[in-house]
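Below is one structure, written out as structure tokens; the observations come after it.
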Amino acid sequence: MSQSQLISGFSKLQTEEKRKLVQELCEDPAKAARVLGSFLYQDADLQNLLSELSENTISNFPLPYNVAPNFLVNNKWYMVPMVTEESSVVAAASFAARFWAERGGFIAKTIGTQKSGQVHFLFRDDPDKLTQHAESISRYLRNKGSSLTEKMEKRGGGIISLEILNRTNLIPDYYQLHVEFETADAMGANFINSILEECSRTLGEYFGTTEGFENGSYEPVMSILSNHVPRCIVEVVAECPVSSLDNITPGQSGKDFARRFALAVEIAASDIYRAATHNKGIMNGVDAVIIATGNDFRAIEAGAHAYAAQSGRYTSLSKAEVHDGLFRFSLTMPMAVGTVGGLTKNHPLAALSLNLLGNPNASMLMQIAASAGIASNFAAVRSLTTTGIQAGHMRMHLPNILTSLHASIQEKEQAMLHFRSNTVSFHSVEDFLKKLRSKNP
């Protein structure tokens, strides 16, 4: 079935009324009711908490909450929480974490934590006036916004700098007020946007009350933070002697493995088709940790890909090199996270995740999440340059394939045993079950 007319006032309906409307749009309303109902929590307080996180909530969509052990980051051990539906992501991260833990672990550092936002506006007057009044405008905006920044300043954050940028080479009369922020352990989106909107209003006030500016010369367009955060950067490095890579694949020398691995990363740095998938492999690990800790994975994805393309050419976020007998694999990427406020406290599992990690500050969470990213990337490139990605990937998906083919418990047990030494594909599993069922009708 499908919706046949405009629905007015849907958000004002009671949850049960919304659910009933949705159920009636499905082919089997009774089945839809059972499915939606089965994912509702019996704990009313918990369900209300989750429902209040979003709009028009009629049920929940659970994802597996996983952990990857043996992450050694800056000589400290972590059991890393990861929320993802793809088992191979967790398996790969766990493998790489142990592999590098045995070789000294990951060395991570936070290079910067600054974020930025812009007031986008049109200015139809002499641009030299903006240059002449730059310092005066900055003082005026800071003074007017002091009540909004006071609490953040007490936590070590606040406005770092304000600068008016001439963008008329892009669009006629277009300018930006570019503001740099420090938000301490908060992601800071609401703080930044509130400051920017106040700056927009105050900028208009300044132009309207200061002698020398033409009336109506200022037109605010929009005020919003940017998810491009090239000054909020984390770096993770994994390094070991080439000789310690011997037999990472049976019979292969460490020298040959390192050469092929570095070549694969060089290809990702050079070719956009490979770079997109290469960086997706990094985000497999990063996103899983970001979701588990209640942070905004969409913002971090946007920032990562913008950073990868900031030179004007999209490239790899990670690098690999072999020099003087040492193999060095590194990841440098932006990551704006928070460990206070928002979902980090309101969602019980997000709070638990942070507790499991030792209640890290935002800088340390950046380092842990980036370590999960480089671990995922290492495992993927290792597979690609040795056995191929599908061998391990499809083996991890075998339970999902068996479930989709309605295999019984006994059939699953026999299939798991059979495919320990046979290639896994949907067709091969389907064929195995057909043969098995023909023998046991």
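Below are the figures for this structure:
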item: Segment 65-88, subset under 18 Å from the mean Cα position of the chain (by Cα) and assigned to a strand (DSSP E or B), residue farthest from Ile368 (Cα to Cα); result: Tyr65
item: Test: residue in segment 259-273 that is in contact (Cβ under 8 Å) with a residue 12 or more places away in the chain, crowded, with 20+ Cβ neighbours inside 10 Å and at positive phi; result: no
item: Selected residue [surrounded by fewer than 17 Cβ atoms within 10 Å (Cβ to Cβ), of a type in the set (Ser, Thr, Tyr), in a strand (DSSP E or B) and in contact with a helix residue (DSSP H, G or I) (Cβ under 9 Å, 6 or more places away or on another chain)] from Ser136, Ser161; result: Ser161
item: Single match in Asn227, Asn190 (criterion: out of contact with any helix residue (DSSP H, G or I) (no Cβ under 9 Å at 6 or more places or on another chain) and either on the phi < 0 side of the Ramachandran plot or modelled with pLDDT of 95 or more (or both)); result: Asn190
item: Any pair with Cβ under 9 angstrom, 6 or more apart, that starts in segment 115-132 at a residue that is in contact (Cβ under 8 Å) with a residue 24 or more places away in the chain and ends at one that is assigned to a helix (DSSP H, G or I) and of a type in the set (Asp, Glu); result: Val119/Glu197
item: Residue in segment 245-284 that is farthest from Trp100 (Cα to Cα), counting only those that are within 28 Å of the chain's Cα centre (by Cα) and basic (Lys, Arg); result: Arg274
item: Close pairs (7 angstrom Cβ cut-off, 6 or more residues apart or separate chains): more than 20 Å from Arg274 (Cα to Cα) and modelled with pLDDT of 65 or more in segment 382-399, of a type in the set (Phe, Trp, Tyr) and part of a loop (DSSP other than H, G, I, E, B) anywhere; result: Leu398/Phe419
item: Among (1) assigned to a loop (DSSP other than H, G, I, E, B); (2) closer than 23 Å to Val381 by Cα; (3) touching a Phe, Trp or Tyr at 6+ places or on another chain (Cβ under 7 Å); (4) not basic (Lys, Arg), the one test that Pro62 misses; result: (2)
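The values are calculated or read from the model by the stated rules, or taken from the named source; none is laboratory data. From a predicted model like this one, the values you see are computed outputs, not experimental measurements. Because the Cβ atoms are built from the backbone with ideal geometry, glycine has one as well, and the counts that use them run over all protein chains shown.
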